[in-house]
Amino acid sequence: MFDALWGWPPPVLDPAGPYADKVTVLAWVLLALGVIVTAIVCAALWVAIKGPPRWKQRLGGESAVWIGGIAFPGVVLTALLFWGLTLTADLTDDITGNEQRIRVTGEMWWFRVQYLDEAGRVVMEDANEIHIPVGQPVVLELRSADVIHNFWVPHLSGKKDMVPGRTNLLRIQAGEAGQFGGVCAEYCGGPHALMGFVALAHEPADYARWQQARLQRLAGPNTTGGVGRQLFMESGCGACHRVAGTEANGLAGPDLTHVGTRATLGAGILPNHRGTLIGWIGDSQGIKPGNRMPSYDTLSAAELTAIAQWLEQQR
Amino acid sequence: MRGQRQITITGIQPAARLLAGLCLLAVAACKPPEEPRYTPDKAIAAEGLQVIKQAGCAACHEIPGVTWPAGRLGPSLRGFDDIGLIAGALPNTAENLAAFLRNAPAVKPGSTMPPIPITPDEARAAAAYLYGIDDDV
Ligand SMILES: [Cu+2]
(Lines give C-alpha, C1' and ligand atoms only; values in the text may rest on other atoms or scores of the structure.)
Protein backbone atom coordinates (compact mmCIF):
# COMPACT_ATOMS: atom_id res chain seq x y z
CA MET A 1 0.00 0.00 0.00
CA PHE A 2 2.87 2.41 0.67
CA ASP A 3 3.70 2.55 -3.04
CA ALA A 4 0.32 4.26 -3.44
CA LEU A 5 1.69 7.33 -1.69
CA TRP A 6 5.46 7.36 -2.25
CA GLY A 7 7.65 6.97 -5.26
CA TRP A 8 9.01 8.88 -8.20
CA PRO A 9 7.20 10.15 -10.19
CA PRO A 10 4.59 10.66 -7.44
CA PRO A 11 1.77 8.15 -8.05
CA VAL A 12 -0.88 10.92 -8.25
CA LEU A 13 0.99 12.46 -11.18
CA ASP A 14 1.70 9.13 -12.86
CA PRO A 15 -1.60 7.89 -14.35
CA ALA A 16 -1.61 4.31 -15.67
CA GLY A 17 -5.02 4.26 -17.32
CA PRO A 18 -7.57 6.39 -19.20
CA TYR A 19 -9.67 7.36 -16.17
CA ALA A 20 -6.64 8.39 -14.16
CA ASP A 21 -5.45 10.37 -17.19
CA LYS A 22 -8.53 12.56 -16.98
CA VAL A 23 -8.12 13.16 -13.27
CA THR A 24 -4.50 14.15 -13.86
CA VAL A 25 -5.45 16.56 -16.69
CA LEU A 26 -8.05 18.14 -14.42
CA ALA A 27 -5.47 18.55 -11.66
CA TRP A 28 -2.94 20.23 -13.97
CA VAL A 29 -5.56 22.61 -15.41
CA LEU A 30 -6.70 23.59 -11.91
CA LEU A 31 -3.10 24.18 -10.91
CA ALA A 32 -2.45 26.32 -14.00
CA LEU A 33 -5.57 28.43 -13.34
CA GLY A 34 -4.53 28.83 -9.72
CA VAL A 35 -1.14 30.11 -10.84
CA ILE A 36 -2.70 32.56 -13.32
CA VAL A 37 -5.15 33.94 -10.75
CA THR A 38 -2.38 34.29 -8.18
CA ALA A 39 -0.31 36.19 -10.73
CA ILE A 40 -3.22 38.56 -11.48
CA VAL A 41 -3.77 39.21 -7.78
CA CYS A 42 -0.06 39.93 -7.26
CA ALA A 43 -0.07 42.33 -10.21
CA ALA A 44 -3.13 44.14 -8.82
CA LEU A 45 -1.43 44.37 -5.45
CA TRP A 46 1.63 45.91 -7.07
CA VAL A 47 -0.54 48.45 -8.88
CA ALA A 48 -2.37 49.29 -5.65
CA ILE A 49 0.87 49.95 -3.79
CA LYS A 50 3.32 51.26 -6.35
CA GLY A 51 1.41 51.83 -9.58
CA PRO A 52 0.87 55.20 -11.28
CA PRO A 53 -2.05 57.18 -9.75
CA ARG A 54 -4.25 56.79 -12.82
CA TRP A 55 -4.03 52.98 -12.63
CA LYS A 56 -4.68 53.04 -8.91
CA GLN A 57 -7.82 55.04 -9.46
CA ARG A 58 -9.09 52.58 -12.04
CA LEU A 59 -8.36 49.61 -9.80
CA GLY A 60 -10.28 51.24 -6.95
CA GLY A 61 -13.28 52.00 -9.12
CA GLU A 62 -16.63 50.27 -9.01
CA SER A 63 -16.25 48.68 -12.43
CA ALA A 64 -13.06 46.90 -11.31
CA VAL A 65 -15.06 45.22 -8.57
CA TRP A 66 -17.85 44.23 -10.97
CA ILE A 67 -15.49 42.86 -13.55
CA GLY A 68 -12.59 41.47 -11.52
CA GLY A 69 -14.54 40.51 -8.43
CA ILE A 70 -17.78 39.10 -9.82
CA ALA A 71 -17.90 38.65 -13.60
CA PHE A 72 -14.46 37.11 -14.08
CA PRO A 73 -14.63 34.49 -11.26
CA GLY A 74 -18.29 33.81 -12.08
CA VAL A 75 -17.61 33.01 -15.70
CA VAL A 76 -14.33 31.16 -15.16
CA LEU A 77 -15.56 29.04 -12.25
CA THR A 78 -18.82 28.13 -13.99
CA ALA A 79 -16.99 27.14 -17.16
CA LEU A 80 -14.52 25.14 -15.10
CA LEU A 81 -17.28 23.36 -13.22
CA PHE A 82 -19.06 22.24 -16.40
CA TRP A 83 -15.84 21.28 -18.13
CA GLY A 84 -14.62 19.31 -15.07
CA LEU A 85 -17.92 17.50 -14.62
CA THR A 86 -18.09 16.58 -18.32
CA LEU A 87 -14.50 15.43 -18.37
CA THR A 88 -14.90 13.06 -15.43
CA ALA A 89 -18.56 12.09 -16.01
CA ASP A 90 -17.75 8.62 -17.38
CA LEU A 91 -15.84 7.70 -14.21
CA THR A 92 -19.22 7.02 -12.64
CA ASP A 93 -21.07 5.69 -15.72
CA ASP A 94 -23.72 3.07 -15.07
CA ILE A 95 -23.10 -0.62 -15.54
CA THR A 96 -23.60 -1.61 -19.19
CA GLY A 97 -22.95 -5.31 -18.81
CA ASN A 98 -19.69 -5.41 -20.71
CA GLU A 99 -17.43 -4.77 -17.77
CA GLN A 100 -15.98 -6.88 -15.00
CA ARG A 101 -17.99 -6.05 -11.90
CA ILE A 102 -16.24 -6.06 -8.55
CA ARG A 103 -17.85 -5.14 -5.26
CA VAL A 104 -15.42 -3.68 -2.75
CA THR A 105 -16.61 -3.14 0.80
CA GLY A 106 -14.64 -1.06 3.28
CA GLU A 107 -14.45 -2.67 6.71
CA MET A 108 -12.55 -1.44 9.73
CA TRP A 109 -9.63 -1.78 8.63
CA TRP A 110 -9.45 -3.85 5.48
CA PHE A 111 -11.22 -4.32 2.14
CA ARG A 112 -13.68 -7.10 1.32
CA VAL A 113 -13.56 -7.94 -2.39
CA GLN A 114 -16.30 -9.81 -4.29
CA TYR A 115 -16.23 -10.61 -7.99
CA LEU A 116 -19.75 -10.46 -9.47
CA ASP A 117 -21.30 -11.99 -12.57
CA GLU A 118 -23.49 -10.01 -15.00
CA ALA A 119 -26.51 -10.51 -12.77
CA GLY A 120 -24.66 -9.17 -9.75
CA ARG A 121 -24.28 -12.53 -8.00
CA VAL A 122 -21.08 -13.14 -6.03
CA VAL A 123 -18.82 -15.55 -7.91
CA MET A 124 -15.57 -15.30 -5.94
CA GLU A 125 -14.66 -13.84 -2.57
CA ASP A 126 -11.31 -12.32 -1.73
CA ALA A 127 -9.80 -9.51 0.32
CA ASN A 128 -7.31 -6.69 0.15
CA GLU A 129 -6.48 -7.05 -3.52
CA ILE A 130 -8.34 -6.65 -6.77
CA HIS A 131 -7.35 -8.36 -9.99
CA ILE A 132 -8.33 -6.57 -13.20
CA PRO A 133 -7.78 -7.14 -16.92
CA VAL A 134 -5.59 -4.65 -18.82
CA GLY A 135 -7.36 -2.43 -21.35
CA GLN A 136 -10.90 -3.21 -20.19
CA PRO A 137 -13.10 -1.03 -18.00
CA VAL A 138 -13.93 -2.40 -14.57
CA VAL A 139 -16.88 -1.16 -12.55
CA LEU A 140 -16.33 -1.09 -8.83
CA GLU A 141 -19.36 -1.09 -6.57
CA LEU A 142 -18.11 0.61 -3.45
CA ARG A 143 -19.79 0.03 -0.12
CA SER A 144 -19.03 0.25 3.56
CA ALA A 145 -19.84 -2.14 6.37
CA ASP A 146 -19.38 0.38 9.17
CA VAL A 147 -18.06 3.94 8.83
CA ILE A 148 -17.12 6.06 5.83
CA HIS A 149 -14.01 4.82 4.05
CA ASN A 150 -12.54 5.99 0.78
CA PHE A 151 -11.24 3.92 -2.09
CA TRP A 152 -8.18 5.30 -3.86
CA VAL A 153 -5.70 3.82 -6.32
CA PRO A 154 -3.79 6.95 -7.40
CA HIS A 155 -2.40 5.28 -10.55
CA LEU A 156 -5.85 4.23 -11.78
CA SER A 157 -8.48 6.78 -10.72
CA GLY A 158 -9.60 9.51 -8.38
CA LYS A 159 -10.86 8.98 -4.84
CA LYS A 160 -14.35 7.73 -4.11
CA ASP A 161 -16.10 7.56 -0.76
CA MET A 162 -17.46 4.26 0.56
CA VAL A 163 -20.60 5.25 2.42
CA PRO A 164 -22.67 2.98 4.69
CA GLY A 165 -26.04 2.16 3.14
CA ARG A 166 -25.06 3.29 -0.36
CA THR A 167 -23.39 1.80 -3.39
CA ASN A 168 -21.09 4.21 -5.19
CA LEU A 169 -19.88 3.29 -8.66
CA LEU A 170 -16.35 3.95 -9.81
CA ARG A 171 -14.75 2.96 -13.09
CA ILE A 172 -11.12 2.08 -13.31
CA GLN A 173 -9.02 0.79 -16.16
CA ALA A 174 -5.37 -0.11 -16.36
CA GLY A 175 -3.45 0.69 -19.52
CA GLU A 176 -0.59 -1.61 -18.63
CA ALA A 177 0.02 -4.75 -16.59
CA GLY A 178 1.41 -4.17 -13.13
CA GLN A 179 0.80 -3.83 -9.44
CA PHE A 180 -0.67 -0.59 -8.13
CA GLY A 181 -0.97 0.35 -4.47
CA GLY A 182 -4.26 1.60 -3.02
CA VAL A 183 -5.27 3.13 0.29
CA CYS A 184 -8.25 4.12 2.37
CA ALA A 185 -8.25 7.89 1.96
CA GLU A 186 -10.81 8.84 4.61
CA TYR A 187 -9.96 8.68 8.29
CA CYS A 188 -11.93 5.77 9.71
CA GLY A 189 -10.50 5.48 13.21
CA GLY A 190 -7.82 3.30 14.81
CA PRO A 191 -5.28 1.87 12.38
CA HIS A 192 -6.75 3.74 9.38
CA ALA A 193 -3.23 4.64 8.26
CA LEU A 194 -2.53 0.91 7.85
CA MET A 195 -5.59 0.17 5.70
CA GLY A 196 -4.58 -0.46 2.14
CA PHE A 197 -4.73 -2.92 -0.73
CA VAL A 198 -3.21 -3.60 -4.11
CA ALA A 199 -4.69 -3.62 -7.59
CA LEU A 200 -3.08 -6.14 -9.93
CA ALA A 201 -3.61 -5.67 -13.66
CA HIS A 202 -3.09 -8.73 -15.88
CA GLU A 203 -3.02 -9.04 -19.67
CA PRO A 204 -6.48 -10.30 -20.73
CA ALA A 205 -5.26 -13.84 -21.51
CA ASP A 206 -3.54 -14.09 -18.11
CA TYR A 207 -6.64 -12.69 -16.46
CA ALA A 208 -8.85 -15.34 -18.04
CA ARG A 209 -6.41 -18.03 -16.91
CA TRP A 210 -6.33 -16.61 -13.39
CA GLN A 211 -10.13 -16.55 -13.24
CA GLN A 212 -10.35 -20.11 -14.55
CA ALA A 213 -7.89 -21.38 -11.96
CA ARG A 214 -9.84 -19.79 -9.14
CA LEU A 215 -13.16 -21.17 -10.32
CA GLN A 216 -11.63 -24.62 -10.68
CA ARG A 217 -10.27 -24.41 -7.15
CA LEU A 218 -13.73 -23.43 -5.86
CA ALA A 219 -15.49 -26.23 -7.77
CA GLY A 220 -13.40 -29.02 -6.23
CA PRO A 221 -13.10 -30.09 -2.59
CA ASN A 222 -10.42 -28.53 -0.38
CA THR A 223 -7.89 -31.37 -0.14
CA THR A 224 -5.32 -29.56 2.00
CA GLY A 225 -5.01 -30.88 5.49
CA GLY A 226 -2.65 -31.79 8.30
CA VAL A 227 -1.83 -30.33 11.68
CA GLY A 228 -2.11 -26.77 10.40
CA ARG A 229 -5.70 -27.20 9.31
CA GLN A 230 -6.60 -28.87 12.58
CA LEU A 231 -4.97 -26.09 14.62
CA PHE A 232 -6.69 -23.43 12.50
CA MET A 233 -10.08 -24.95 13.29
CA GLU A 234 -9.32 -25.67 16.96
CA SER A 235 -8.03 -22.15 17.57
CA GLY A 236 -11.30 -20.67 16.42
CA CYS A 237 -9.92 -18.86 13.39
CA GLY A 238 -12.91 -20.12 11.42
CA ALA A 239 -15.26 -18.01 13.52
CA CYS A 240 -13.97 -14.92 11.73
CA HIS A 241 -12.43 -16.30 8.55
CA ARG A 242 -13.85 -18.26 5.64
CA VAL A 243 -11.83 -20.88 3.77
CA ALA A 244 -13.94 -22.31 0.96
CA GLY A 245 -14.43 -26.07 1.14
CA THR A 246 -13.81 -26.28 4.90
CA GLU A 247 -15.96 -25.73 7.96
CA ALA A 248 -14.37 -22.28 8.43
CA ASN A 249 -17.08 -19.85 7.35
CA GLY A 250 -16.65 -16.73 9.49
CA LEU A 251 -17.40 -13.36 7.94
CA ALA A 252 -15.88 -10.90 10.44
CA GLY A 253 -12.42 -11.03 8.88
CA PRO A 254 -10.90 -11.32 5.40
CA ASP A 255 -11.69 -14.40 3.31
CA LEU A 256 -8.63 -16.67 3.44
CA THR A 257 -9.61 -19.05 0.60
CA HIS A 258 -6.79 -17.70 -1.59
CA VAL A 259 -4.54 -16.18 1.06
CA GLY A 260 -1.57 -18.17 -0.23
CA THR A 261 -1.62 -16.16 -3.47
CA ARG A 262 -1.96 -12.76 -1.85
CA ALA A 263 0.70 -10.18 -2.60
CA THR A 264 0.33 -8.68 0.89
CA LEU A 265 -0.93 -9.33 4.40
CA GLY A 266 -2.70 -7.18 6.98
CA ALA A 267 -4.55 -5.09 4.34
CA GLY A 268 -1.67 -4.24 2.06
CA ILE A 269 0.93 -3.53 4.72
CA LEU A 270 3.27 -6.54 4.85
CA PRO A 271 4.81 -8.74 2.17
CA ASN A 272 3.26 -12.21 2.22
CA HIS A 273 5.54 -15.11 3.15
CA ARG A 274 5.77 -17.65 5.92
CA GLY A 275 7.66 -15.28 8.21
CA THR A 276 5.14 -12.47 7.97
CA LEU A 277 2.22 -14.94 8.22
CA ILE A 278 3.61 -16.25 11.49
CA GLY A 279 4.38 -12.74 12.69
CA TRP A 280 0.85 -11.55 11.85
CA ILE A 281 -0.98 -14.44 13.49
CA GLY A 282 1.20 -14.31 16.59
CA ASP A 283 1.36 -10.56 17.05
CA SER A 284 -1.09 -8.75 14.76
CA GLN A 285 -1.72 -6.24 17.54
CA GLY A 286 1.97 -5.33 17.64
CA ILE A 287 2.02 -4.87 13.87
CA LYS A 288 -1.34 -3.15 13.40
CA PRO A 289 -2.39 -1.85 16.82
CA GLY A 290 -6.14 -1.86 17.40
CA ASN A 291 -7.10 -4.12 14.50
CA ARG A 292 -9.95 -6.56 15.10
CA MET A 293 -7.95 -9.76 15.20
CA PRO A 294 -6.49 -10.90 18.53
CA SER A 295 -2.77 -11.78 18.77
CA TYR A 296 -2.33 -15.54 19.11
CA ASP A 297 0.75 -15.47 21.33
CA THR A 298 -0.62 -18.40 23.30
CA LEU A 299 0.22 -20.69 20.39
CA SER A 300 3.74 -22.11 20.21
CA ALA A 301 6.13 -21.27 17.37
CA ALA A 302 5.65 -24.79 16.01
CA GLU A 303 1.88 -24.37 16.04
CA LEU A 304 2.04 -20.94 14.40
CA THR A 305 4.35 -22.39 11.75
CA ALA A 306 1.96 -25.26 11.06
CA ILE A 307 -0.97 -22.87 10.62
CA ALA A 308 1.12 -20.64 8.35
CA GLN A 309 2.16 -23.63 6.28
CA TRP A 310 -1.47 -24.62 5.83
CA LEU A 311 -2.48 -21.07 4.89
CA GLU A 312 0.31 -20.96 2.30
CA GLN A 313 -1.46 -23.84 0.55
CA GLN A 314 -4.73 -21.91 0.27
CA ARG A 315 -4.22 -20.76 -3.30
CA MET B 1 13.40 6.75 8.32
CA ARG B 2 14.62 8.18 11.57
CA GLY B 3 14.18 6.29 14.76
CA GLN B 4 17.54 6.23 16.44
CA ARG B 5 17.98 8.40 19.44
CA GLN B 6 20.78 10.91 19.15
CA ILE B 7 22.46 12.95 21.79
CA THR B 8 23.81 16.28 20.65
CA ILE B 9 25.89 18.52 22.83
CA THR B 10 26.02 21.48 20.50
CA GLY B 11 24.17 24.51 21.75
CA ILE B 12 24.90 23.80 25.39
CA GLN B 13 26.80 26.44 27.37
CA PRO B 14 30.58 26.03 27.05
CA ALA B 15 30.98 25.33 30.78
CA ALA B 16 28.39 22.59 30.65
CA ARG B 17 30.02 21.27 27.56
CA LEU B 18 33.37 21.12 29.30
CA LEU B 19 31.77 19.34 32.22
CA ALA B 20 30.09 16.87 29.92
CA GLY B 21 33.40 16.31 28.15
CA LEU B 22 35.14 15.63 31.46
CA CYS B 23 32.45 13.19 32.47
CA LEU B 24 32.78 11.39 29.16
CA LEU B 25 36.53 11.26 29.64
CA ALA B 26 36.11 9.82 33.09
CA VAL B 27 33.71 7.21 31.78
CA ALA B 28 36.02 6.44 28.91
CA ALA B 29 38.91 5.96 31.30
CA CYS B 30 37.02 3.28 33.21
CA LYS B 31 35.88 1.33 30.18
CA PRO B 32 37.04 1.88 26.65
CA PRO B 33 34.09 2.29 24.28
CA GLU B 34 33.02 -1.02 22.85
CA GLU B 35 34.56 -1.61 19.44
CA PRO B 36 31.89 -2.74 17.03
CA ARG B 37 32.63 -6.30 16.02
CA TYR B 38 32.65 -5.41 12.35
CA THR B 39 32.77 -2.11 10.60
CA PRO B 40 30.52 -2.87 7.65
CA ASP B 41 30.56 -0.91 4.43
CA LYS B 42 28.06 1.96 4.86
CA ALA B 43 26.55 1.56 1.38
CA ILE B 44 25.98 -2.16 1.86
CA ALA B 45 24.49 -1.57 5.29
CA ALA B 46 22.09 0.99 3.80
CA GLU B 47 21.07 -1.60 1.23
CA GLY B 48 20.57 -4.02 4.10
CA LEU B 49 18.11 -1.68 5.75
CA GLN B 50 16.05 -1.65 2.54
CA VAL B 51 16.16 -5.46 2.43
CA ILE B 52 15.01 -5.64 6.05
CA LYS B 53 12.12 -3.26 5.36
CA GLN B 54 11.03 -5.04 2.19
CA ALA B 55 11.26 -8.52 3.68
CA GLY B 56 9.07 -7.53 6.62
CA CYS B 57 11.59 -8.67 9.29
CA ALA B 58 10.08 -6.09 11.61
CA ALA B 59 6.84 -8.08 11.67
CA CYS B 60 8.65 -10.13 14.33
CA HIS B 61 11.46 -7.87 15.53
CA GLU B 62 11.92 -4.45 16.99
CA ILE B 63 14.77 -3.13 14.81
CA PRO B 64 16.61 0.17 15.34
CA GLY B 65 16.13 2.33 12.24
CA VAL B 66 12.75 0.79 11.40
CA THR B 67 9.97 2.88 12.93
CA TRP B 68 7.17 0.53 11.90
CA PRO B 69 6.23 -2.22 12.46
CA ALA B 70 7.80 -3.47 15.66
CA GLY B 71 6.35 -6.96 16.13
CA ARG B 72 7.50 -8.75 19.24
CA LEU B 73 7.23 -12.40 18.30
CA GLY B 74 11.01 -12.56 18.00
CA PRO B 75 13.70 -10.90 20.15
CA SER B 76 14.39 -7.18 19.87
CA LEU B 77 17.46 -6.47 17.76
CA ARG B 78 18.47 -3.40 19.74
CA GLY B 79 22.14 -3.63 20.63
CA PHE B 80 22.60 -6.55 18.26
CA ASP B 81 26.08 -5.28 17.32
CA ASP B 82 27.28 -6.27 20.78
CA ILE B 83 25.59 -9.66 21.03
CA GLY B 84 27.50 -12.84 21.80
CA LEU B 85 26.39 -15.96 20.00
CA ILE B 86 23.84 -15.56 17.21
CA ALA B 87 20.46 -16.65 18.59
CA GLY B 88 22.39 -17.99 21.57
CA ALA B 89 23.83 -20.78 19.45
CA LEU B 90 25.95 -19.91 16.43
CA PRO B 91 29.51 -18.54 16.38
CA ASN B 92 29.19 -14.86 15.67
CA THR B 93 30.57 -14.50 12.17
CA ALA B 94 29.18 -12.54 9.25
CA GLU B 95 28.74 -15.70 7.17
CA ASN B 96 26.86 -17.44 9.96
CA LEU B 97 24.58 -14.46 10.43
CA ALA B 98 23.81 -14.20 6.72
CA ALA B 99 23.06 -17.94 6.56
CA PHE B 100 20.88 -17.69 9.67
CA LEU B 101 18.84 -14.82 8.22
CA ARG B 102 18.01 -16.79 5.07
CA ASN B 103 17.26 -20.12 6.64
CA ALA B 104 17.51 -20.16 10.41
CA PRO B 105 16.30 -23.75 11.02
CA ALA B 106 18.92 -25.06 8.58
CA VAL B 107 21.86 -23.60 10.51
CA LYS B 108 20.36 -23.75 13.99
CA PRO B 109 18.22 -26.88 14.16
CA GLY B 110 15.02 -26.17 16.01
CA SER B 111 15.24 -22.41 15.55
CA THR B 112 11.81 -20.85 15.63
CA MET B 113 12.69 -18.15 13.12
CA PRO B 114 11.30 -19.32 9.76
CA PRO B 115 13.27 -19.20 6.50
CA ILE B 116 12.91 -15.78 4.88
CA PRO B 117 12.76 -15.49 1.07
CA ILE B 118 15.82 -13.29 0.42
CA THR B 119 18.87 -13.91 -1.78
CA PRO B 120 22.34 -14.64 -0.30
CA ASP B 121 23.48 -11.13 -1.29
CA GLU B 122 20.45 -9.57 0.37
CA ALA B 123 21.13 -11.64 3.49
CA ARG B 124 24.74 -10.41 3.57
CA ALA B 125 23.53 -6.81 3.24
CA ALA B 126 20.98 -7.29 6.03
CA ALA B 127 23.71 -8.80 8.21
CA ALA B 128 25.94 -5.78 7.49
CA TYR B 129 23.14 -3.49 8.62
CA LEU B 130 22.60 -5.43 11.86
CA TYR B 131 26.34 -5.34 12.67
CA GLY B 132 26.38 -1.62 11.93
CA ILE B 133 23.63 -0.79 14.45
CA ASP B 134 25.40 1.37 17.00
CA ASP B 135 22.77 2.22 19.57
CA ASP B 136 24.93 2.31 22.70
CA VAL B 137 23.94 5.44 24.55
CU1 LIG C 1 -9.67 4.70 6.57
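Tabulated values for the structure
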read-out	value
Failed item, numbered, when A:VAL139 is tested on (1) over 21 Å from A:GLY268 (Cα atoms); (2) crowded, with 21+ Cβ neighbours inside 10 Å; (3) touching a helix residue (DSSP H, G or I) at 6+ places or on another chain (Cβ under 6 Å)	(3)
Scope the stretch A:116-157; condition within 14 Å of the ligand (Cβ to nearest atom) and in contact (Cβ under 8 Å) with a residue 60 or more places away in the chain; matching residues	A:ASN128, A:TRP152
Residue ID - surrounded by the fewest Cβ atoms within 10 Å (Cβ to Cβ), chosen from residues in the stretch A:157-169 that are over 11 Å from A:GLY106 (Cβ atoms) and modelled with pLDDT of 95 or more	A:GLY165
Positions within the stretch B:58-79 being among the hydrophobic types (A, V, I, L, M, F, W, C), buried (at least 16 other Cβ atoms within 10 Å of the Cβ) and assigned to a loop (DSSP other than H, G, I, E, B), in sequence order	B:CYS60, B:ILE63, B:VAL66, B:ALA70, B:LEU73, B:LEU77
Which listed residue is without any contact (Cβ under 8 Å) to a residue 40 or more places away in the chain and at negative phi, from A:ALA244, A:ALA239	A:ALA239
Test: residue in the stretch A:246-256 that is part of a loop (DSSP other than H, G, I, E, B), within 14 Å of another protein chain (Cβ to nearest Cβ) and more than 19 Å from A:GLN285 (Cβ to Cβ)	no
3 or more residues closer than 22 Å to B:GLU47 by Cα: qualifying helices (runs of 4 or more DSSP H) within the stretch B:80-137	B:94-102, B:120-132
Count - residues of the stretch A:187-241 that are within 16 Å of the ligand (Cβ to nearest atom) and of a type in the set (Ser, Thr, Tyr)	1
In the stretch B:97-121, residue surrounded by the most Cβ atoms within 10 Å (Cβ to Cβ) [restricted to those that are closer than 20 Å to B:ASP134 by Cα and away from every other protein chain (no Cβ under 11 Å)]	B:LEU97
Residue among A:ARG262, A:ARG274, A:ARG292 that alone is under 22 Å from the mean Cα position of the chain (by Cα), surrounded by fewer than 21 Cβ atoms within 10 Å (Cβ to Cβ) and at pLDDT 95 or above	A:ARG292
Residues located in the stretch A:95-108, provided they are within 15 Å of the ligand (Cβ to nearest atom), more than 12 Å from the chain's Cα centre (by Cα) and not charged (D, E, K, R)	A:MET108
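Residues are listed down the side, and each one gets a yes or a no for (1) at the interface with another protein chain (Cβ under 9 Å from one of its Cβ atoms); (2) on the phi < 0 side of the Ramachandran plot; (3) in a helix (DSSP H, G or I):
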{"residue": "A:GLY260", "(1), (2), (3)": "no, yes, yes"}
{"residue": "A:GLY268", "(1), (2), (3)": "no, no, no"}
{"residue": "A:LEU277", "(1), (2), (3)": "yes, yes, yes"}
{"residue": "A:ASP283", "(1), (2), (3)": "yes, yes, yes"}
{"residue": "A:ASN291", "(1), (2), (3)": "no, yes, no"}
{"residue": "A:THR298", "(1), (2), (3)": "no, yes, no"}
{"residue": "A:GLN309", "(1), (2), (3)": "no, yes, yes"}
{"residue": "A:GLN314", "(1), (2), (3)": "no, yes, no"}
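The values are calculated or read from the model by the stated rules, or taken from the named source; none is laboratory data. Keep in mind that this is a model prediction, so the values were computed, not measured. Please note: Cβ atoms are built from the backbone with ideal geometry, for glycine as well, and neighbour counts cover all protein chains shown.
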